[in-house]
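Notes to accompany the following structure.
The values are calculated or read from the model by the stated rules, or taken from the named source; none is laboratory data. Bear in mind the structure is a predicted one, so any value in this text is a computation, not a measurement. Note: ideal-geometry Cβ built from the backbone for every residue, glycine included; neighbour counts use all protein chains shown. Ligands, DNA and RNA are excluded from the accessible area calculation, which covers all protein heavy atoms including side chains. Shrake-Rupley method; radii C 1.70, N 1.55, O 1.52, S 1.80 Å.
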Amino acid sequence: MGESHGLPVGEIAPAHRFDIARLGDYLVAHLPGYAGDLVVQQFQGGASNPTFLLSARMAHGMAKFVMRKKPPGPLLPSAHQVDREFRIMQALRDTPVPVPGVHFLCEDDSVIGTAFYVMDFVPGRIIFDATLPGLANEDRGAVYNSFGETLAALHQVDYAAVGLAGLAPQGDYIARQLRRFIKQYRAAETETIADMEILIRELPGCVPPDRRIAIVHGDFKLGNMVIHPSEPRLAAVLDWELATIGDPLADLAFSVLPWHRGIGGKGALTADSVATGIPTESAYIGAYCRRTGRDHIDGWNFYLAFALFRLASIMQGVYRRVLSGTVASDFEAVNTAPALAAQGLALLHGPSRISLD
């Protein structure tokens with residue numbers, strides 16, 4: 001098994017296998033310069049759209065690309081939208097937001113069984129642990145500065161000017177998101193989670209008024225960033241399937257979850273993290289506000305609870321797919337949705353957590 005992007009790559013999981021020769025034939029017609037010798041490996045880890053490293057001979061020599069496809073089998077409504085990912089990265093290519101270059105989208109299921117797209121391979125590191133182990137203190141601070149700077153840059157993009165005005169349907173973003181994630185949660189439900197039921201009832205009545213509108217990533221976390229191979233900055237933002245036009249504070253709240261809990265089994269940030277070069281949550285939020293022209297945030301506890309509710313719904317879907325055997329990774333058959341819902345409910349009714357530095 002090899003390693004790329006800081007992620008291991010290996011053989012294609014049985015559930016995700018497809019006709020590689022047929023893919024090669026498709027590349028001849030749709031990837032300029034493709035000359036054959038295609039080798040396909042699957043990135044290990046992750047629980048959303050299966051992702052593959054393509055190594056191929058091109059007219060200018062050997063090159064690497066990345067392919068993202070929908071998973072096989074029945075899918076939850078509005079999930080795994082690789083076409084959406086492709087369109088958004090294509091629109092953002094000339095903005096300050098670093099994204100891989102995209103080459104083509106194939107929506108013909110007869111090629112490899114599901115829709116897929118191909119993008120550039122961006123060399124670098126993907127670090128899931130929010131404590132950034134192995135980095136020098138000054139590099140940890142620089143990575144978090146780049147992380148926050150990139151999120152602010154995304155929220156400052158003129159979505160109409162880049163052709164994304166029609167990305168989201170009409171109507172309030174938070175209301176749409178609540179409907180969507182309640183529907184996805186119900187479709188993946190395996191048990192009754194009392195705290196999720198309370199959040200479903202109470203979140204709609206806690207939505208703050210007077211909210212801004214921007215492009216939102218929807219899953220803005222370190223694990224979806226490629227960090228430059230040798231410099232402490234983001235080289236690319238990945239995994240755009242949840243992106244839409246909506247409330248940027250929902251993105252900000254999701255991005256600060258490491259200060260509240262471990263993500264994916266990795267350590268949470270604490271007061272002691274400052275000594276390692278990582279900013280406090282308040283400093284991180286304060287820098288974001290300065291970059292986006294805000295002097296305060298209303299309803300911060302709602303946004304944190306909403307972020308945890310969304311994550312609980314997502315992890316319920318992951319758990320359901322683990323049980324069905326369609327997740328090609330080492331995810332344990334443990335449902336984390338109950339703990340996420342409990343934490344979200346506690347934050348929703350807890351003391352204010354916002355204090356800008």
> Out of all the residues in segment 222-241, is one or more modelled with pLDDT of 95 or more and of a type in the set (Phe, Trp, Tyr)?
Replying inline: no
> What about Asp109, is it closer than 17 Å to Thr150 by Cβ, open to solvent by 20 Å² or more (accessible area, probe 1.4 Å) and over 19 Å from the mean Cα position of the chain (by Cα)?
Replying inline: no
> Within segment 47-73, can you find the residues that are surrounded by fewer than 19 Cβ atoms within 10 Å (Cβ to Cβ), under 26 Å from the mean Cα position of the chain (by Cα) and closer than 19 Å to Tyr117 by Cβ?
Replying inline: Ser55, Ala63, Lys64, Pro72
>> Looking at segment 207-231 only, could you name the residues that are of a type in the set (Val, Ile, Thr) and either free of Cβ contacts under 8 Å to residues at least 60 places away in the same chain or surrounded by fewer than 19 Cβ atoms within 10 Å (Cβ to Cβ) (or both)?
In response: Val207, Ile213
>> Out of the helices (runs of 4 or more DSSP H) lying entirely within segment 89-201, which hold 1 or more residues that are free of Cβ contacts under 8 Å to residues at least 60 places away in the same chain and touching a Gly at 6+ places or on another chain (Cβ under 6 Å)?
In response: none
>> Given the options Glu149, Glu189, name the one that is acidic (Asp, Glu), surrounded by fewer than 20 Cβ atoms within 10 Å (Cβ to Cβ) and farther than 19 Å from Leu340 by Cβ.
In response: Glu149
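Look at Pro204 and say whether it is open to solvent by 30 Å² or more (accessible area, probe 1.4 Å) and within 21 Å of the chain's Cα centre (by Cα).
no
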> Only one of (1) β-branched (Val, Ile, Thr); (2) crowded, with 19+ Cβ neighbours inside 10 Å; (3) over 25 Å from Ala168 (Cα atoms) fails for Ile198. Which number is that?
Replying inline: (2)
> In segment 1-49, which residues are modelled with pLDDT of 90 or more, of a type in the set (Gly, Ala, Ser) and assigned to a strand (DSSP E or B)?
Replying inline: Ala35, Gly36
>> Could you check segment 207-235 and list, in sequence order, the residues that are within 17 Å of the chain's Cα centre (by Cα), at negative phi and assigned to a loop (DSSP other than H, G, I, E, B)?
In response: His217, Asp219, Phe220, Lys221
>> I need a count of the residues in segment 333-349 that are in contact (Cβ under 8 Å) with a residue 60 or more places away in the chain, of a type in the set (Gly, Ala, Ser) and open to solvent by 40 Å² or more (accessible area, probe 1.4 Å).
In response: 1
